[in-house]
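Student: Can you read through this structure? Questions will come right after.
The values are calculated or read from the model by the stated rules, or taken from the named source; none is laboratory data. Since we're looking at a predicted model, the values are computed, not measured. So basically every Cβ, Gly included, is an ideal-geometry build from the backbone, and we count neighbours across all protein chains shown.
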Ligand SMILES: Nc1nc2c(ncn2[C@@H]2O[C@H](COP(=O)(O)OP(=O)(O)OP(=O)(O)O)[C@@H](O)[C@H]2O)c(=O)[nH]1
Ligand SMILES: [Mg+2]
């Protein structure tokens with residue numbers, strides 16, 4: 001029955017948790033080499049490790065490749081590039097660190113963030129000869145956005161500059177200027193060589209002019225994490241259990257302290273309860289718990305909060321979190337396609353999940369000079385300030401470096417993490433702006449596929465009047481239904497008879513017609529439907545906008561029937577009317593048609609119509625069948 | 001002002017002289033424990049059905065213990081032992097004893113005979129692949145969406161690349177070149193049918209942390225970890241592929257003292273790790289732990 005006896009050793013001398021340090025910087029600037037060298041020079045390698053590295057290097061015809069200590073994957077060793085981050089324990093005197101090796105290649109930015117996000121300090125490695133490069137800037141920006149407060153710059157490969165003071169001071173001032181623009185304070189700038197070990201663990205003979213710390217000295221100076229215990233209490237509910245008739249509200253304390261007897265507000269609904277007991281299993285009995293502890297609370301009255309509800313002090317207005325349905329955030333964007341206004345996501349904030357829509361993109365960071373520009377989309381791996389609109393008020397504390405507050409993460413309908421969104425504060429509604437708070441479907445894309453048996457998609461048929469768009473679309477609709485695929489056709493004339501009956505054929509009205517069709521297509525596709533749009537949509541720019549509205553599900557199909565053929569067919573007698581001047585601004589005659597440059601599918605006119613129908617049907621099936 | 005609030009709390013029935021009590025300052029083990037509890041609770045909430053791999057070794061005993069911490073003294077999901085039928089007799093005895101003592105819901109699985117395994121693998125790796133096949137069969141049989149496993153980053157260099165929630169796609173493969181982002185305690189959830197997530201609550205623990213925690217909590221272990229006749233096991237695999245190390249450490253405290261000065265790696269006694277540079281990665285991509 002030893003289980004329930006609390007041993008004496010609880011009162012052992014205190015050992016602090018390891019301090020995580022991330023090593024970042026442009027690809028090939030020597031991050032992995034630096035860590036390998038650091039471990040070797042501080043005698044931190046296990047027996048046999050060095051021999052393994054030497055052997056793996058020899059096999060690939062290399063001299064000792066220190067980076068192999070971290071780059072353990074075959075692809076990493078064969079390509080000489082770090083793909084995913086690694087964490088290894090490391091000790092300096094009595095202090096424990098965890099060194100995180102992050103990849104520098106842009107393609108692996110998400111892995112860099114995975115490694116860097118919980119670091120206390122960062123070493124930004126810059127090749128002294130090359131100076132700051134694109135990923136140096138990108139990583140520096142990220143250090144700021146994820147809230148890393150202590151940054152050490154290491155000018156690596158200084159051996160290539162023979163540790164020349166004038167040259168190194170020049171790079172140093174460039175890098176300092178760059179970080180200054182990001183309001184990042186630099187703890188030290190160390191000229192070093194990972195290859196030869198200069199200024200890593202010991203002072204270099206080659207840079208006698210340098211009076212600052214070695215890397216090891218700079219690491220030892222990184223202060224321990226700030227205490228979160230003195231801030232107002234916050235505990236997001238992680239789960240609610242009922243064991244043996246007792247209800248436990250489980251969660252981890254994000255900050256502050258909670259005591260039995262405290263009165264707490266629960267979530268946005270504002271119910272209040274008193275803490276009846278702070279519960280733990282097999283631990284010293286204490287009626288109090290502080291930041292970082294995973295505990296369970298019994299509440300009085302015995303309420304049942306939801307996961308995600310924030311618990312905070314009930315009686316102190318000043319200690320309450322922010323509350324807003326519109327939130328300004330700084331965004332780092334990790335999806336392969338750009339982000340646009342109007343897209344919907346789940347905002348995860350600790351254990352809470354909120355449906356949000358991008359209400360506006362307020363500024364986009366230009367990575368060349370790190371300035372803010374206007375923009376209507378955020379590129380992959382880009383940074384921006386955006387405003388999110390939620391369907392309900394969100395309780396949050398604004399992001400602040402070194403603390404867990406305001407760490408928003410955006411998740412798409414496929415449950416993929418697509419961006420980090422540190423929450424800056426509530427957003428004011430601009431004058432004249434309507435307070436719209438769109439809601440997003442809670443049905444996941446996977447569930448829809450399961451229910452319908454196929455994926456969704458928007459197939460946008462463009463072509464001259466009379467080119468056969470509607471005929472092909474309707475025939476494909478029928479063929480698909482025989483394959484148990486539900487398709488909807490949005491046909492130009494049909495739309496104009498109803499939804500768009502207020503529109504004429506001026507450029508503005510045509511534009512509006514296409515915009516509406518694109519939004520309807522998007523809504524249908526989001527509900528899991530296959531949508532075939534048959535619209536002349538003559539302008540490249542209008543189709544580009546449609547693609548933007550619909551997003552990644554958009555497939556452009558060019559019904560490529562030449563003008564002469566269309567005019568010869570002229571099923572509705574429109575060409576004849578246009579030629580005689582009865583229809584102004586008729587596409588192909590008196591208004592331009594811009595053919596798509598690279599449509600996803602082209603249906604040429606020199607083949608029988610049935611072939612076009614079969615080609616389109618097969619194309620759609622290939623995309624939507626799971 | 002503060003005064004009256006303190007008074008009113010002291011009068012409350014539950015406040016028992018607690019008004020001025022301060023929270024304990026968390027040490028390294030407290031922090032590791034709190035993070036592991038957080039992870040286990042996330043898994044329990046998000047992944048159903050869920051099971052914990054109980055290999056009967058020290059790490060998985062610590063995991064069972066942490067689960068009991070997370071869920072107020074019980075493990076609210078089944079634990080799973082994928083039996084190679086080549087374990088030490090002491091381990092089977094331990095399993096039977098603690099299944100009862102800890103009131104565990106035990107799922108048993110068996111591994112296919114070694115003749116059914118890819119013959120191009122070196123011998124010890126073949127034995128690991130056998131375990132992978134046994135595990136895969138259990139995951140399919142019980143349609144598991146979450147499997148909790150006790151691997152640690154410091155054990156092996158490819159494990160150091162792992163996520164806390166590591167998605168496994170079709171065929172249980174680990175797509176090591178394309179792992180999802182994982183930061184700010186936001187973990188991947190399954191997004192397709194047939195996927196499962198490997199949950200790794202001990203990823204940040206080191207060998208010595210495990211031992212110090214075992215000491216602090218008084219967690220029971222199989223005797224094989226303690227020296228007899230100058231030898232003990234540092235890591236427990238199958239009988240035929242695990243070798244004991246030279247040691248006189250016969251108590252938890254002595255093991256800790258030994259580790260504080262040791263410079264060899266924990267898995268040095270595992271034959272498979274020495275067979276070729278890429279063998280571990282190949283096995284792990286195919287679903288090995
Ligand atoms: N001359 C010289 N070469 C170095 C030094 N440090 C690293 N290198 C070389 O630079 C190359 C890249 O080193 P890595 O350590 O793989 O670079 P990395 O920054 O980790 O690269 P990624 O992780 O792929 O972004 C290797 O060929 C190293 O041998 C140095 O101090 N001096
Ligand atoms: Mg690297």
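Student: Quick one: which of A:342, A:336, A:375 is part of a loop (DSSP other than H, G, I, E, B), out of contact with any helix residue (DSSP H, G or I) (no Cβ under 6 Å at 6 or more places or on another chain), within 25 Å of residue A:445 (Cβ to Cβ) and free of Cβ contacts under 8 Å to residues at least 60 places away in the same chain? Explain how you work it out, then say what you get.
Tutor: On the way: A:342 fails: free of Cβ contacts under 8 Å to residues at least 60 places away in the same chain; A:375 fails: within 25 Å of residue A:445 (Cβ to Cβ).
Exactly one residue qualifies, and that residue is A:336.
Student: What strands (runs of 3 or more DSSP E) lie completely within the stretch A:237-306 and have 1 or more residues being surrounded by 21 or more Cβ atoms within 10 Å (Cβ to Cβ) and facing chain B (nearest Cβ under 10 Å)?
Tutor: A:246-252, A:257-259, A:271-279, A:288-290, A:294-300
Student: I would also like to ask the following. Looking at A:98, A:83, which one is within 13 Å of ligand 2 (Cβ to nearest atom) and more than 17 Å from the chain's Cα centre (by Cα)?
Tutor: On the way: A:98 fails: within 13 Å of ligand 2 (Cβ to nearest atom).
Exactly one of A:98, A:83 is within 13 Å of ligand 2 (Cβ to nearest atom) and more than 17 Å from the chain's Cα centre (by Cα), namely A:83.
Student: A follow-up question, please. Check whether at least one residue in the stretch A:72-80 is within 14 Å of ligand 1 (Cβ to nearest atom), under 28 Å from the mean Cα position of the chain (by Cα) and closer than 23 Å to residue A:187 by Cβ, and report yes or no.
Tutor: The answer is no; no qualifying residue exists.
Student: On the basis of being within 10 Å of chain B (Cβ to nearest Cβ) and either modelled with pLDDT under 95 or touching a strand residue (DSSP E or B) at 6+ places or on another chain (Cβ under 6 Å) (or both), does residue A:324 make the cut? Give the steps one after another, and end with the answer.
Tutor: Working: within 10 Å of chain B (Cβ to nearest Cβ): no; either modelled with pLDDT under 95 or touching a strand residue (DSSP E or B) at 6+ places or on another chain (Cβ under 6 Å) (or both): yes.
Judged against the criteria, residue A:324 is not a match.
Student: If I filter the stretch A:94-110 down to residues being within 11 Å of chain B (Cβ to nearest Cβ), within 12 Å of ligand 1 (Cβ to nearest atom) and surrounded by fewer than 24 Cβ atoms within 10 Å (Cβ to Cβ), which single residue comes out as farthest from residue A:20 (Cα to Cα)?
Tutor: Step by step, filter the stretch A:94-110, then rank; the result is A:107.
Student: Now for a separate question. Of the residues that make up the stretch B:211-231, is at least one outside any loop (DSSP other than H, G, I, E, B), touching a residue at least 60 places away in the same chain (Cβ under 8 Å), closer than 22 Å to residue B:289 by Cα and within 14 Å of another protein chain (Cβ to nearest Cβ)?
Tutor: Yes, the stretch B:211-231 contains at least one residue that is outside any loop (DSSP other than H, G, I, E, B), touching a residue at least 60 places away in the same chain (Cβ under 8 Å), closer than 22 Å to residue B:289 by Cα and within 14 Å of another protein chain (Cβ to nearest Cβ).
Student: When you check residue A:118 against the structure, is it more than 30 Å from the chain's Cα centre (by Cα), more than 16 Å from ligand 2 (Cβ to nearest atom) and modelled with pLDDT of 85 or more, yes or no?
Tutor: Working: more than 30 Å from the chain's Cα centre (by Cα): no; more than 16 Å from ligand 2 (Cβ to nearest atom): yes; modelled with pLDDT of 85 or more: yes.
Taking the combined requirement at face value, the residue does not satisfy it.
Student: Just name the residue that is modelled with the lowest pLDDT out of those in the stretch B:125-153 that are within 20 Å of residue B:278 (Cβ to Cβ) and within 14 Å of chain A (Cβ to nearest Cβ).
Tutor: B:153
Student: Could I ask something else about it? Testing residue B:77 on (1) closer than 24 Å to residue A:73 by Cα; (2) touching a strand residue (DSSP E or B) at 6+ places or on another chain (Cβ under 6 Å), one condition comes back false. Which one is that?
Tutor: Answer for residue B:77: the failing condition is (1).
Student: Then there's this: Determine which single condition residue A:27 fails, assuming it passes every other condition in (1) more than 27 Å from residue A:178 (Cβ to Cβ); (2) away from chain B (no Cβ under 12 Å); (3) modelled with pLDDT of 85 or more.
Tutor: Among (1) more than 27 Å from residue A:178 (Cβ to Cβ); (2) away from chain B (no Cβ under 12 Å); (3) modelled with pLDDT of 85 or more, the lone unmet condition for residue A:27 is (1).
Student: Hey, another quick one. Could you give me the residue pairs with C-beta distances under 9 Å whose first residue belongs to the stretch A:20-34 and is not assigned by TED's automatic domain parsing to the domain that holds residue A:131, whose second residue is within 6 Å of ligand 1 (Cβ to nearest atom) and at pLDDT 95 or above wherever it lies, and which are 6+ apart or on separate chains?
Tutor: none
Student: Then there's this: Keeping to the stretch A:173-206, report how many residues are farther than 22 Å from residue A:36 by Cα, out of contact with any helix residue (DSSP H, G or I) (no Cβ under 7 Å at 6 or more places or on another chain) and buried (at least 16 other Cβ atoms within 10 Å of the Cβ).
Tutor: Number satisfying all stated conditions: 1.
Student: Determine whether the stretch A:130-143 contains at least one residue that is within 11 Å of chain B (Cβ to nearest Cβ) and either under 24 Å from residue A:16 (Cβ atoms) or within 16 Å of ligand 2 (Cβ to nearest atom) (or both).
Tutor: Initially, the stretch A:130-143 is screened for residues within 11 Å of chain B (Cβ to nearest Cβ), giving A:142.
After this cut, where a residue has to be either under 24 Å from residue A:16 (Cβ atoms) or within 16 Å of ligand 2 (Cβ to nearest atom) (or both) as well, the list is none.
Looking through the stretch A:130-143, none of the residues is within 11 Å of chain B (Cβ to nearest Cβ) and either under 24 Å from residue A:16 (Cβ atoms) or within 16 Å of ligand 2 (Cβ to nearest atom) (or both).
Student: Does residue A:178 satisfy the criteria of being within 14 Å of residue A:30 (Cβ to Cβ) and either away from ligand 2 (no atom under 16 Å from the Cβ) or away from every other protein chain (no Cβ under 14 Å) (or both)?
Tutor: On the way: within 14 Å of residue A:30 (Cβ to Cβ): no; either away from ligand 2 (no atom under 16 Å from the Cβ) or away from every other protein chain (no Cβ under 14 Å) (or both): yes.
Taking the combined requirement at face value, the residue does not satisfy it.
Student: Before we move on, is residue A:63 surrounded by fewer than 24 Cβ atoms within 10 Å (Cβ to Cβ) and more than 12 Å from ligand 2 (Cβ to nearest atom)?
Tutor: Working: surrounded by fewer than 24 Cβ atoms within 10 Å (Cβ to Cβ): yes; more than 12 Å from ligand 2 (Cβ to nearest atom): yes.
Yes: the conditions hold for residue A:63.
Student: For the stretch A:121-132, give me each residue that is surrounded by fewer than 20 Cβ atoms within 10 Å (Cβ to Cβ) and either within 19 Å of residue A:150 (Cα to Cα) or under 22 Å from the mean Cα position of the chain (by Cα) (or both).
Tutor: none
So that you can scan it fast, the table gives a plain yes or no per residue for (1) touching a strand residue (DSSP E or B) at 6+ places or on another chain (Cβ under 8 Å); (2) modelled with pLDDT of 95 or more:
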residue	(1), (2)
A:182	no, no
A:190	yes, yes
A:197	no, no
A:207	yes, yes
A:214	yes, yes
A:221	yes, no
A:229	yes, no
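Student: For the stretch A:589-602, check the following and say yes or no: at least one residue is over 22 Å from residue A:337 (Cα atoms) and assigned to a strand (DSSP E or B). Show your work before the answer.
Tutor: Looking only at the stretch A:589-602, we keep the residues that are over 22 Å from residue A:337 (Cα atoms), and these are A:589-595, A:602.
Retained after the next criterion (residues that are assigned to a strand (DSSP E or B)): A:591, A:602.
There is at least one residue in the stretch A:589-602 that is over 22 Å from residue A:337 (Cα atoms) and assigned to a strand (DSSP E or B).
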